[in-house]
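The values are calculated or read from the model by the stated rules, or taken from the named source; none is laboratory data. None of these values were measured; they are calculated from a predicted model. Positions of Cβ are generated from backbone atoms using ideal geometry, with glycine treated the same way; all protein chains shown enter the neighbour counts. Just so you know, the surface numbers come from the protein's heavy atoms only, side chains and all, with ligands and any DNA or RNA stripped out. Shrake-Rupley method; radii C 1.70, N 1.55, O 1.52, S 1.80 Å.
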Amino acid sequence: MTTELFSGAEMVVKSLSALKVKYIFGYPGGSVLDIYDAIFQQDEIEHILVRHEQAATHMADGYTRATGEVGVVLATSGPGATNCVTGIATAYMDSIPMVILAGQVASSLIGNDAFQETDIVGCTRPIVKHSFNCRSLQDIPDAIAKAFYLANSGRSGPVVVELPKDILIPQNKETFSITTDVKMRSYNPTVKGHPKQIRKAVKTITNAKKLVIYSGGGIILANASTLLTKLVETLNAPITNTLMGLGGISGTHENFIGMLGMHGSLEANKSMANADVILALGARFDDRVTNNVEKFCPNATIIHVDVDPTSISKTINAHIPVVGLVDIVMQQMLDELAETNYTKNEAALTLWWQQIHLWREVKSVSYIQEGDKIKPQRVVEAMYKITNGEAYVASDVGQHQMFAAQYYPFAKPRQWINSGGAGTMGFGLPAAMGVKLAFPDKHVICITGDGSIQMNIQELSTCSQYNIPIVIIMLNNRSLGMVRQWQDMVYGGRHSSSYMESLPDFIKLAESYGHVGIKIDTLEELDSKLEQAFSIKNRLVFVDVLVDEKEHVYPMHIRTGAIDDMWIKKGVKA
Amino acid sequence: MRHILAILLENEPGSLSRIVGLFSQRAFNIESLTVAPTQDNSLSRITIATRGDEKILEQIVKQVNKLVDVIKITDITERKHIERELLLVKVAAMNDKSRTEVKRITDIFRGDIIDIGKQIYTLQLTGNAEKLNAFIEVLTNETEIIESVRSGCVGIARGEKALRV
């Protein structure tokens, strides 16, 4: 009996199969021809051909954010790999598990400034969790298995695997074996919280009179939504989410006081500023949340739970740090609360909630319908109504992104798909495509602007090829809205390069790719045409909605102020 | 405050780059850096002398620990330790008087003359940074320093404590 032998290229595909990969998002080129040949000759894994490698990374990213499975990208060397850099940085900033297989020139040519050669490992060093250079075909299964393990454990993140062309060729074959149970002596993320810290934290929580729970993307990544909800209800504490944490608790839960931070609700920011204890779960006190670090929540004892020790006491000092997986730690806390026979301090809670309700009364997240121009917020409200709050919403970056976060309360985690940490324009369309591939029977919306959509608009072609029927809702204000807003507020209304000239006829453009285009110009036709858009299930629908370009996102942090120093409306402070 | 960090990591291509890249990216200070494999060839040991306050040190240690290749990091200056550095210095030794004086200084510091030329002596000295700094200062007052090279410090904890896998 002959043992089967495999080439390097075949080992790449076999390794991915062993790791249960369903899709590879990529674009071929010289250095990876052998891998593409191997992909062609199997049918377990489907390859999705994009129109720009950046879209491959965002598509894998969107797929991963929606499913929790590690996304896989395949790109050739040189410009193929460098086109992935933005997407890798996007994934890195939001801790998204992704493996990027980067082709490279033959080993003998490395370092010679060869055709389509780039040191992609060197280029991406600051924006990956780790990277591997394969030097022989025997390295391949181990590198890929380790890449997957690293990508999806501890604090997840993107991992690059560099594959030089000469180790992939069909002429060299070896036996294939892969260990999916990876152990690395230099890598041992902490899983359980230290019992002493847990006890300290729970004691502090028990004695708190004004507790706020502040949770972020870490809850989503850890699939910890159920535990979070249980903890919130056990404590009857108010809970606020970061932009990345939306959906961690249902947006309609009565304890949810809205998103916090730069464009968060007044009640969320005020609660943080007035809290005596802040329980931070899987969030990192990012500058969009804290505003002026010197003025941050001066009276609060901060309990910070995170899997990554570097996030703790990096920007804001944590009084009680707890390193561990956020779901494990929350269970430990619930156990400790039960052990210590925790009972709620009803008197304190009543007072605290009374105060919070007063802040809620201000209705900081609201807009005024004057005149008959369509307000962008109104579009999101309509979107929410028609889809029952059950759609997957992939967003681009800008004002539309903030409106989507403010006006679409997400019931479940992994519904809200956006580039929070990096803020990458051009993310929305390919990310929505990745989500739709994972959930073909659900409503998947790409909410975008006339600026962002043009950054990866070529992907309308990919949507045709693979029949990906998402609904694109483009809030068309003929501007780079967020830039324009800052220019209005800080630069005396000097709109330097924030006006979009020469916009295409988006409807004709969508139709030229074989999609449906719907134009919405008036308030009267908004609801009915959106209903129409969502009723078309088997074709991509591109909706071009003309919105009021003068609208600003409110509330908004006042620069250099504390977390609760906010503009509620134009010229009106909280 | 000056700290000496000893890092044990996997001896893989790119490992050192990651450490240096990290310091550069986060604007941490590198006063000196030395690296070599340990008695176990699969492991490298990097010693970095850096300056910073407590908060910065905490971040540096955590960020270095986070790197996948890094097995352990310790701040040697946290407890009793031994610090050593090597200095090779080429000085002008133009005449008898100068040569005698340079030799005397070298003997006082317990250094060695490892090379002689018509007008130069090359001296070797090991010791902690303070000692090397003092040696250079004294030499500067006496003669011209033509060239000097320092290895960067290495350190090891006193007593039973050890940095190992």
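Scanning the stretch B:23-63 for residues that are touching a residue at least 12 places away in the same chain (Cβ under 8 Å), closer than 24 Å to A:VAL160 by Cα and over 20 Å from the mean Cα position of the chain (by Cα) yields a total of 3. Within the stretch A:219-246, being over 15 Å from A:GLN331 (Cα atoms) and assigned to a helix (DSSP H, G or I) holds for A:ILE220, A:LEU221, A:LEU243, A:MET244, A:GLY245. The single condition among (1) more than 14 Å from every other protein chain (Cβ to nearest Cβ); (2) at pLDDT 95 or above; (3) open to solvent by 30 Å² or more (accessible area, probe 1.4 Å); (4) out of contact with any helix residue (DSSP H, G or I) (no Cβ under 6 Å at 6 or more places or on another chain) that B:VAL89 does not satisfy is (3).
Residues are listed down the side, and each one gets a yes or a no for (1) away from chain B (no Cβ under 14 Å); (2) open to solvent by less than 10 Å² (accessible area, probe 1.4 Å):
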residue	(1), (2)
A:GLY258	yes, no
A:ASN269	yes, yes
A:ASP276	yes, no
A:ALA283	yes, yes
A:ILE312	no, yes
A:ILE328	yes, no
A:GLN332	yes, no
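Do we have any residue at all in the stretch A:106-122 that's among the charged types (D, E, K, R) and under 28 Å from A:GLY420 (Cβ atoms)? No, the stretch A:106-122 contains no residue that is among the charged types (D, E, K, R) and under 28 Å from A:GLY420 (Cβ atoms). Answer yes or no: is there a residue in the stretch B:33-47 that is under 17 Å from A:PRO126 (Cβ atoms) and either touching a His at 6+ places or on another chain (Cβ under 8 Å) or not β-branched (Val, Ile, Thr) (or both). No; the residues of the stretch B:33-47 include none that is under 17 Å from A:PRO126 (Cβ atoms) and either touching a His at 6+ places or on another chain (Cβ under 8 Å) or not β-branched (Val, Ile, Thr) (or both). For the stretch A:356-380, the set of residues classified as in a helix (DSSP H, G or I), surrounded by fewer than 16 Cβ atoms within 10 Å (Cβ to Cβ) and not hydrophobic (A, V, I, L, M, F, W, C) consists of A:HIS357, A:GLU361, listed by residue number.
Among the conditions (1) farther than 22 Å from A:ASP527 by Cα; (2) over 15 Å from the mean Cα position of the chain (by Cα), A:GLY398 misses just one, which is (2). Taken together, the residues in the stretch A:7-55 that are among the charged types (D, E, K, R) and part of a helix (DSSP H, G or I) amount to 5. If the condition is being under 20 Å from the mean Cα position of the chain (by Cα) and within 10 Å of another protein chain (Cβ to nearest Cβ), then the stretch B:1-17 contributes B:LEU8, B:LEU9, B:SER15, B:SER17. Those strands (runs of 3 or more DSSP E) of the stretch A:120-216 in which at least 1 residues are closer than 30 Å to A:LYS344 by Cα and either open to solvent by less than 20 Å² (accessible area, probe 1.4 Å) or in contact with a helix residue (DSSP H, G or I) (Cβ under 6 Å, 6 or more places away or on another chain) (or both), considering only elements entirely within it, cover A:211-215.
Answer yes or no as to whether A:ALA114 is hydrophobic (A, V, I, L, M, F, W, C), more than 25 Å from the chain's Cα centre (by Cα) and either away from chain B (no Cβ under 12 Å) or in a loop (DSSP other than H, G, I, E, B) (or both). Here the answer is yes, as A:ALA114 does meet what is asked. Return the residue satisfying two criteria in turn: it lies in the stretch A:553-571 and is of a type outside the set (A, V, I, L, M) and not in a loop (DSSP other than H, G, I, E, B), and of such residues it is farthest from the chain's Cα centre (by Cα). Taking the candidates together, the pick is A:LYS569. Of the residues making up the stretch B:149-165, those that are open to solvent by 70 Å² or more (accessible area, probe 1.4 Å) and under 17 Å from B:ILE73 (Cβ atoms) are B:ILE156, B:LYS161, B:ARG164, B:VAL165. Hey, does the stretch A:395-405 have a residue that's of a type in the set (Gly, Ala, Ser), open to solvent by less than 30 Å² (accessible area, probe 1.4 Å) and under 23 Å from A:ALA222 (Cα atoms)? Yes, the conditions are met somewhere in the stretch A:395-405. Taking the stated definitions as given, is A:GLY426 modelled with pLDDT of 95 or more, open to solvent by 10 Å² or more (accessible area, probe 1.4 Å) and among the small types (Gly, Ala, Ser)? Considered against the rule, which asks whether it is modelled with pLDDT of 95 or more, open to solvent by 10 Å² or more (accessible area, probe 1.4 Å) and among the small types (Gly, Ala, Ser), A:GLY426 comes out as no. Within the stretch A:466-482, residues that are in contact (Cβ under 8 Å) with a residue 12 or more places away in the chain and on the phi < 0 side of the Ramachandran plot reach partners that are of a type in the set (Asp, Glu) and in a strand (DSSP E or B) with beta carbons closer than 6 Å, at six or more positions or on different chains, in the pairs A:MET474/A:ASP544; A:ASN476/A:ASP544. Listed by position, the helices (runs of 4 or more DSSP H) inside the stretch A:396-508 whose residues that are of a type in the set (Ser, Thr, Tyr) and over 21 Å from A:ASP548 (Cα atoms) number at least 1 are A:460-465.
Residues in the stretch A:159-178 that are closer than 30 Å to A:ALA89 by Cβ and either among the small types (Gly, Ala, Ser) or away from every other protein chain (no Cβ under 14 Å) (or both): 6 in all. Residues in the stretch A:265-313 that are of a type in the set (S, T, N, Q) and part of a loop (DSSP other than H, G, I, E, B) were compared, and the one that is nearest to A:ARG199 (Cα to Cα) is A:SER313. Among the residues here, B:ARG84 does not qualify as in contact (Cβ under 8 Å) with a residue 60 or more places away in the chain, within 14 Å of another protein chain (Cβ to nearest Cβ) and charged (D, E, K, R). If the condition is being open to solvent by less than 70 Å² (accessible area, probe 1.4 Å), assigned to a helix (DSSP H, G or I) and at the interface with chain A (Cβ under 10 Å from one of its Cβ atoms), then the stretch B:21-45 contributes B:GLY21, B:LEU22. Considering only the stretch B:128-147, I want to know if a residue exists there that is open to solvent by 50 Å² or more (accessible area, probe 1.4 Å), farther than 30 Å from B:GLY159 by Cβ and touching a Lys or Arg at 6+ places or on another chain (Cβ under 6 Å). Within the stretch B:128-147, one or more residues are open to solvent by 50 Å² or more (accessible area, probe 1.4 Å), farther than 30 Å from B:GLY159 by Cβ and touching a Lys or Arg at 6+ places or on another chain (Cβ under 6 Å).
Look at the stretch A:519-538: where a residue is β-branched (Val, Ile, Thr) and a partner is part of a loop (DSSP other than H, G, I, E, B) and surrounded by 15 or more Cβ atoms within 10 Å (Cβ to Cβ), sitting 6+ places away or on another chain with Cβ atoms under 8 Å, you get A:ILE536/A:PRO469.
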